[in-house]
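J.: Before I ask anything, here is the structure I am working with.
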Amino acid sequence: IIDEGDENKSSITGSARNTLEKMDGNNAMAVDGIPASERQDKDKDVAEIMIEEWDDVIAESRNSAVMSGVFIILIVLSGTFAMIWIEGWDYLLAFYWACQTVTTVGYGDTPPNSRAGKIFTIFYIIFGVGYLATCIGNIVRYPMNLRERHIDQKVLSQFSGDLSSNMLKRLFKAELFQ
């Protein structure tokens with residue numbers, strides 16, 4: 001992230017820069033021309049900084065998971081209402097068709113009969129399955145991030161006092177930002 005011999009520190013990524021500024025609070029090195037004495041959070045240790053970074057990641061993945069859940073409902077409902085309108089099916093049959101189609105179960109017991117229904121089905125399968133897979137990935141990412149944060153927190157609480165500041169910086173840079 002930082003080349004020690006590089007005078008131009010602007011190549012540092014935004015979150016990495018913020019973290020390194022916080023981690024380097026007790027040193028005299030200036031990052032992006034800001035002296036260490038003027039940087040905020042200089043009394044925080046590396047473990048606290050890493051946990052704060054993880055909190056941001058977890059909040060983002062939680063929001064993404066919630067939005068994905070809403071989007072899955074919208075995908076199924078759009079297929080349901082489209083087939084009610086296009087094919088004239090009742091709500092239960094259209095909902096059954098939408099669920100089995102977008103989840104790729106596809107029993108084949110309720111195929112669309114009209115030309116418009118078949119055309120809609122083609123696009124519903126292509127886009128619905130892709131969006132559903134993306135949404136499921138977003139939902140699964142949230143508990144995985146929680147678990148990873150918990151493991152990192154345990155390791156940091158055990159070893160952060162035994163490692164030097166430079167060693168913690170190297171570990172932090174190597175694992176989180178690459």
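J.: Those residues that are in contact with a helix residue (DSSP H, G or I) (Cβ under 6 Å, 6 or more places away or on another chain) and open to solvent by 80 Å² or more (accessible area, probe 1.4 Å), I need them from the stretch 132-152; list them, please.
T.: R141
J.: Which residues, counting only those in the stretch 105-129, are in contact (Cβ under 8 Å) with a residue 12 or more places away in the chain, open to solvent by 70 Å² or more (accessible area, probe 1.4 Å) and either touching a His at 6+ places or on another chain (Cβ under 6 Å) or outside any helix (DSSP H, G or I) (or both)?
T.: Filtering the stretch 105-129 for residues in contact (Cβ under 8 Å) with a residue 12 or more places away in the chain gives 110, 112-114, 116-117, 120-121, 124-125, 128-129.
Next, from what is left, pick out any that are open to solvent by 70 Å² or more (accessible area, probe 1.4 Å): 113, 125.
Passing the criteria: only N113.
J.: Within the stretch 90-119, work out how many residues are out of contact with any Asp or Glu (no Cβ under 7 Å at 6 or more places or on another chain) and over 19 Å from I73 (Cβ atoms). Don't jump to the end; show me each part of the working.
T.: Applying the first criterion (out of contact with any Asp or Glu (no Cβ under 7 Å at 6 or more places or on another chain)) to the stretch 90-119 yields 90-111, 115-116, 118-119.
Of the ones still in play, those that are also over 19 Å from I73 (Cβ atoms) are 90, 106-111, 115-116, 118-119.
Selection size over the stretch 90-119: 11.
J.: Moving to a separate point now. Does A59 satisfy the criteria of being outside any loop (DSSP other than H, G, I, E, B) and at pLDDT below 95?
T.: Taking the combined requirement at face value, the residue satisfies it.
J.: All but one of (1) modelled with pLDDT under 70; (2) over 30 Å from the mean Cα position of the chain (by Cα) hold for A47, so report the exception by its number.
T.: Evaluating A47 over (1) modelled with pLDDT under 70; (2) over 30 Å from the mean Cα position of the chain (by Cα) leaves (2) as the failure.
J.: Does I84 fit the bill of being surrounded by 12 or more Cβ atoms within 10 Å (Cβ to Cβ), among the aliphatic types (A, V, I, L, M), at negative phi and touching a residue at least 60 places away in the same chain (Cβ under 8 Å)?
T.: Working: surrounded by 12 or more Cβ atoms within 10 Å (Cβ to Cβ): yes; among the aliphatic types (A, V, I, L, M): yes; at negative phi: yes; touching a residue at least 60 places away in the same chain (Cβ under 8 Å): no.
The answer is no for I84.
The values are calculated or read from the model by the stated rules, or taken from the named source; none is laboratory data. Every value quoted in this text rests on a predicted model; they were computed, and no experiment measured them. Note that each Cβ is placed from the backbone with ideal geometry, even for glycine, and that neighbours are counted across all protein chains shown. Surface accessibility is based on the protein's heavy atoms, side chains included, excluding ligands, DNA and RNA. Shrake-Rupley method; radii C 1.70, N 1.55, O 1.52, S 1.80 Å.
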